[in-house]
Each structure stands twice: as structure tokens, then as C-alpha cells.
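Working notes, beginning with the structure itself.
The values are calculated or read from the model by the stated rules, or taken from the named source; none is laboratory data. None of the values given here were measured: they were computed from a predicted structure. Reconstructed Cβ throughout: ideal geometry from the backbone, glycine too, with neighbour counts over all protein chains shown. Only protein heavy atoms, including side chains, enter the accessible area calculation; ligands, DNA and RNA are left aside. Shrake-Rupley method; radii C 1.70, N 1.55, O 1.52, S 1.80 Å.
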Amino acid sequence: MTMTTMKNRFPARGLLLVAGTAALMMGCNGSDSSDTTTDTMAFSAPPSDCLWVGPYVKENEGFNFAYPDSGAIYWSAAYTLPEDGAYITLEADFPYSRYMSFNSYRANTTPAQSLTDKNIVAEAGSINPFIDGAVRTDPSRRYLVTVKPGDPNDPANPSEDNTLYDATSAASEEAVLIYRNYVPNSGADQTGDVGLPRVTLHLADGSTLQGEEACAAMSAGTDPGGIPFVPADTYETLRANFEPARETPAFRATYGTPFLFQCDFQGNCENNPPRNTAFYANADNQYLYSFLNQDFGEVVVIRGKIPGIPETQNDQDFFNDNDLRYWSLCQNEFYSQAVKECLFDEQVTINPDGFYTIVTSKPENRPENADSDCDVGYIPWPDSGDGFSIVDGRTDDLDSAFLILRNMLPAADFDQAIQNTMTAGDEAEVLGDFMPKATYMSKAEFEALGCEPYTSLAYEQL
């Protein structure tokens, strides 16, 4: 069994998972995929520092994969230091946005270390706008981050302010970084109006190189490479023999791709796998997912509560901690990993009962009352269903869909975050009212609920 690999996908390091992941696909424990993008703004690529490839957003052809999110934009960097003793620094202003971070990755695409906005110390004379109580609109917002070779878990590599370790052990190894920017302020560009971090290469003799000279010396990649996909033959066989969607949609925390296949495609959800994330996941997020299928009904209605979230889009002056930093619900193609569309926290109307109501369906089945006038959010069904036709000779299952719900950076005293789930199956107990519940309806049944569907007794089943 071999792993299906698509071209024009991600840093070439992703290809290293091919053998190992394929061997585990039918097994127990392993790695997961996920993370990020933007469909709230038209795509326009700003000038990029030579180190960065992207942006990875839905509108940028060839960059819609790895389950991106409409509230986020990210860029990757793949480079090789020219000699032992070399390292890089990244200088920029903090973006005018909800969140930013740097993640480094191991050769197997698992996150090695993350450096999150609130943990970055601003330069002298500047402020960090992501710290509770800071003025988010203050123009003095410069920072400098150092990226060094080495394993962040090695005691020989001490924890230092503004320092990220790249998980390489020698100058000949390729390092991979991802820079993320979530929810730029309204009117800001995809970088949050500050451009991309600028690179300086520090050589062992103390000399430095910047810009194109630095990128050339590091053989910095300029094209997305490949990322592993589920073996096409394996997926086709499993899909033909077992339907992963349930008549009552099940939301599960992610415990790795092999457990997902064991549980959702084979019906065995009994063992207790470790939580692993790979495929360049964001270390600051955790996820719930649910398989859907139109065979159970034309319309899927999702209800739940959104934890407290800081509002940032409209240039709010202060950034105060809440239950979560970010929340979103996305409709995806499972096989291709493409996103169709998302709603993130500030885009979701909260009903008078404190819950949200979100409908997803094929556009032709959208109920007339699934709109903002009736306090109902709407996410269209993915055009290509599971997106299996990304592999030549394969056919899309147009009735399939894959929902992903994200929780980012829960507060220490918020116990009902996805991050606090511990074993497969404990999601409802941990999340309580923040656990989404869903049901299938016909278009006519939902329209019959009128313009305040959240008041209907029909929701007693949720």
C-alpha cells in the first residue's frame, strides 16, 4: 500500500510521511491533519519576503489543502542553514489581527515548538498588542524572533525569550516553519498591514546576510511541495464498505488519522489512542470533526454555544483574554482536504436563547429562513463532496461532507474546551453546552419552523 501524494501542495518535507503513515492507516494510533485560510476577503498576494511561500488561502489556486480556515492566512518557509553555528532572526511588527504565531516542525510534520503572539517580548520602546490590557492600535509594535537549530525538548537547548528551535540536528537538514495570521482587522491586508517577517541569516563568524542573499545562502524554497494523502485504493475500499456519517451526526475530537479510519470507517471506536497531530497542524488549536451525508436529509442543522471570544475586527483598542482566542466551524472536502467555507466567531449570530443556529446544505436546498434575518448562519455544502476526484480516475461522493470545529488557546480557567478532552468519547461530558449537536431535516421541515427556528420544539431532539 502506498501513500497518494499530490503535487503543488506544501514543503517537500511532507513527503517523508509516505511510508510510515500508509503502514498505519488501518491500525490504531497515529497522526492527524488540520489547519487554516481566508475566504472573508478577495485573494490578493502581498509582496513576500523571499523566505516565505504562500499565502495558503482558499482563493490562491493550489494552496487550498490541509483543511484551511476562512479566518486565517499562513505562509510556510523551508530552508537549510549553510553551516553549523548559523541561525536566523525574523523581524517585523505585530500584525493588526486576532492572533499570530510561528511553529517549527519535525521531519514527520508534527509540531516541534510554537511561539505564540502573547509570549513574544516586544522590542524596547514597543508594545505587544496581544497581551491583556495592551492598546491593540498602538503603532509601536516591533519584535525580533530568533530561530535556532536543535530539538526544543533537548535539555542542552535552554528556553529563551523569543527563541524557537527548528527541530533539526545538523546544518544539512531542512527546517520548516509556518507563520500564521488570524482575522486581520477590517480593511487590513492579509498580513495585518505590517508585511511579512524579514529574515537575517547569522553566520558562525558573526557576519550576516539579509533578504535575497540570505535566502540564496539557505536554499530557501520558493514553491509548495507535497503532502501525504490517504492511499486512494484504501479510501475507495473503505468508503464502499462503510458509511462514516451517522444518522445522528457524531462530533469527535481528533486523535489521529488511523484512529479516525478505525472508528469512522470501520465502526471500532473502543480503544484509547493518544492525541497526536501532524500534517503541519497548529499547536494552539484542537478540533472536533463530523462526517455528514445528504442521504440522511437535505439540510443539517447545528446548534451549540460559542465560548467567550475577544472581538477584534473593528479596531477595538483593547485585547482582553476570554474563554478562547478563536472559534470556527468549517465545511470541508474530506479526501482533498479543501475547505468550502467557514463561519468564525464574530460572523455567527447568537440567538436570544444563548445558542447559535447554523445550517449547511447544497445551495439548491438552502431554506429561505436560513439567513441572518432569521438569526441563522449558513455554510454551503462542498461542491465536490469528499473531493476524491483530485486523484485521476476517481469519482467524488457528492453527498459527503466533513465539518471541523476549532478551539484556539483556551483560558486556564475554561474547562469546557476541546483541549480538555482526554479520551475518545468524552467530548459531550467535557464541552457541555459548547458541544455542537446536529440533526438532519428536509428543506420544507426547516422552512416550516419560521423565522425564529430556535424557539421551535423541533430542537428538543438535539
Item checked: Calculated SAXS-style log₁₀ I(q)/I(0) at q = 0.07, 0.13 Å⁻¹ - the chain, Debye, Cα scatterers -> -0.35, -1.23
Notebook entry, point to check: Remind me, relative contact order of the stretch 145-300 in percent, using alpha carbon pairs under 8 angstrom and six or more residues apart?
Noted result: 13 percent
Item checked: Scattering curve values for the stretch 256-351, log₁₀ I(q)/I(0), Debye with Cα scatterers, q = 0.11, 0.15, 0.21 Å⁻¹ -> -0.48, -0.87, -1.35
Check: What number, in percent, do you get for the relative contact order of the chain if the mean sequence gap of Cα pairs under 8 Å and at least 6 apart is divided by its residue count?
Finding: 19 percent
Next item on the list: With everything on Cα atoms, drop me the angle between helix 232-241 and the longest principal axis of the chain, reported from 0 to 90° to the nearest 10.
Entry: 20 degrees
Next item on the list: Quick one: compute the contact order of the stretch 245-398, relative version, from alpha carbon pairs under 8 angstrom and 6+ residues apart, as a percent.
Entry: 19 percent
Item checked: Modelled FRET efficiency - R0 22 Å, Ala170 with Val121, Cβ distances, 0.05 increments -> 0.15
Notebook entry, point to check: Expressed as a fraction of 2.2 N^0.38 Å, the rule-of-thumb size for a compact globular protein of N residues, what is the C-alpha radius of gyration of the stretch 111-193?
Noted result: 1.28
Next item on the list: Whole Å is fine, so just give me how far the alpha carbon centre of the stretch 395-462 lies from that of the stretch 325-389.
Entry: 11 Å
Notebook entry, point to check: Percent of accessible area on the chain owned by carbon and sulfur, 1.4 Å probe?
Noted result: 46 percent
Checklist line | Residue-averaged 222 nm ellipticity for the chain, from DSSP H runs of 4+ at -39500 (n - 2.57), nearest 500 | finding: -2500 deg cm²/dmol
Check: Which of the GluC sites (Glu not before Pro) across the stretch 153-240 are loop residues per DSSP, with 15 or fewer other Cβ within 10 Å?
Finding: Glu160, Glu173
Next item on the list: At 0.36 nm per residue, minus the direct Cα-Cα distance, what do Asp151 and Asp138 gain on full extension? Give it in nm, one decimal, please.
Entry: 1.2 nm
Next item on the list: Could you give the size of the charge dipole of the stretch 276-397 about its Cα centre, using +1 on the Cβ of each K and R and -1 on the Cβ of each D and E, expressed in debye and rounded to the nearest 20?
Entry: 360 debye
Note to self: With +1 on the Cβ of every Lys and Arg and -1 on the Cβ of every Asp and Glu, and nothing else charged, how large is the dipole of the chain about its Cα centre, in debye rounded to the nearest 20?
What the structure shows: 660 debye
Notebook entry, point to check: Put a dot 7 Å past each Cα toward the Cβ at Glu91 and Ser456; how far apart are the dots in nm?
Noted result: 6.0 nm
Item checked: Amide H contacts of Val121 (H built 1.01 Å from N, under 5 Å, at least 5 apart or other chain) -> Asn162
Note to self: Just to confirm, what accessible area per residue do you get for the stretch 69-121 at 1.4 Å probe, in whole Å²?
What the structure shows: 24 Å²
Notebook entry, point to check: If you place +1 on the Cβ of every Lys and Arg and -1 on the Cβ of every Asp and Glu, how big does the dipole about the Cα centre of the stretch 140-248 come out, in debye to the nearest 20?
Noted result: 400 debye
Check: Can you give the accessible area of Ile309 in Å² (nearest 10), computed on protein heavy atoms with a 1.4 Å probe?
Finding: 30 Å²
